[in-house]
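One structure is given below, encoded as structure tokens.
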Amino acid sequence: MSETKVNPIHSATNAIRVLLIEDQPTFAHVVRAYLLQQGMDVEWAANGAEAHEKRASFKPEIMLVDLELPDISGFDLVSAYAGRSDCGIIVVTANGEEAARIAGLDSGADDYFVKSGPTRELAARIHALHRRLSKPPGERAGRVFVDAAGRIVTGEAGKQERLTEAEMVALETLLDAAGAAVSRDWLSKVALRRPMHMDDRAVDQLVLKLRRKLSAVGAPERLIMSSRNQGYIIGEPSRFRRIGADGS
């Protein structure tokens, strides 16, 4: 497969730079051809080693990561690059089960796309993620006001989301940790009121739903981060302000 060489800084048209990390040539060719047709600059890496090299030289704005690569776990690759402000990550895989989607997002990915879906949907997700990441940091997200008694979180723009009891307990537990990691086992005990079991994904699902609600009111995408082998951590505790029932 021939590849188009692209200026690693910016093309003349400011096309979105996309690095596709995929070991199946047929799928990679179809996706790459479509994204090029949509005006994006696209490089292809067939394995983790090539991905590391091309990330350094091509400087992608969006990475599309297959979870099943021949030389490295896609989860490990996502974890290695998650949280860097210069590049968004979309997991692209054949596994559409909920547990796999949660695991991919928990590793630090910004979004998830199942290969059986239409390619135009993938292009739309790339554009949406690029728009979010292109906003100045101050415009991406502001403070979040937490009303524990009412189980309500409110963004600076006034948008609100009501949390379940378990979600609020998990959020307060993470905030009480003041930037330190909280184990999944402890979150299970205090928020779900039961011990964790082997292969238990209930805490991960709880945190995923909490992330979505916080994002809906304007919080950063990765405000609650996964800490490998330790649990979860609030990345920026200072963004939160706890208020009483009277709003004080």
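I need the full set of residues from region 30-50 which are hydrophobic (A, V, I, L, M, F, W, C) and either under 18 Å from LEU129 (Cβ atoms) or open to solvent by 20 Å² or more (accessible area, probe 1.4 Å) (or both), in order please. Can you show your working first?
Narrowing region 30-50 to residues hydrophobic (A, V, I, L, M, F, W, C): 30-31, 33, 35-36, 40, 42, 44-46, 49.
Hits for region 30-50 are VAL30, VAL31, ALA33, LEU35, LEU36, MET40, VAL42, TRP44, ALA46, ALA49.
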Output for region 223-243, where each listed residue is outside any helix (DSSP H, G or I) and open to solvent by 60 Å² or more (accessible area, probe 1.4 Å): MET225, ARG228, ASN229, GLN230, GLU236, ARG241, ARG242
Failed condition for ARG162, given (1) of a type outside the set (Val, Ile, Thr); (2) surrounded by fewer than 15 Cβ atoms within 10 Å (Cβ to Cβ); (3) modelled with pLDDT under 75: (3)
Scope region 111-151; condition in a helix (DSSP H, G or I), surrounded by 16 or more Cβ atoms within 10 Å (Cβ to Cβ), at pLDDT 90 or above and among the hydrophobic types (A, V, I, L, M, F, W, C); matching residues: LEU122, ALA123, ILE126
Test: residue in region 78-85 that is under 21 Å from the mean Cα position of the chain (by Cα), surrounded by 14 or more Cβ atoms within 10 Å (Cβ to Cβ) and at pLDDT 90 or above: no
Region 61-72 residues that are in contact (Cβ under 8 Å) with a residue 40 or more places away in the chain and open to solvent by 10 Å² or more (accessible area, probe 1.4 Å), paired with ones that are in a strand (DSSP E or B) and aliphatic (A, V, I, L, M) (beta carbon under 8 Å, 6 or more apart): GLU61/VAL18; LEU69/ILE21
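The values are calculated or read from the model by the stated rules, or taken from the named source; none is laboratory data. Note that the structure is a prediction, hence the values are computed from the model and not measured. No Cβ is skipped: glycine too gets one built from the backbone with ideal geometry, and neighbour counts run over all protein chains shown. We work out accessible area using only protein heavy atoms, side chains counted, and drop any ligands, DNA or RNA first. Shrake-Rupley method; radii C 1.70, N 1.55, O 1.52, S 1.80 Å.
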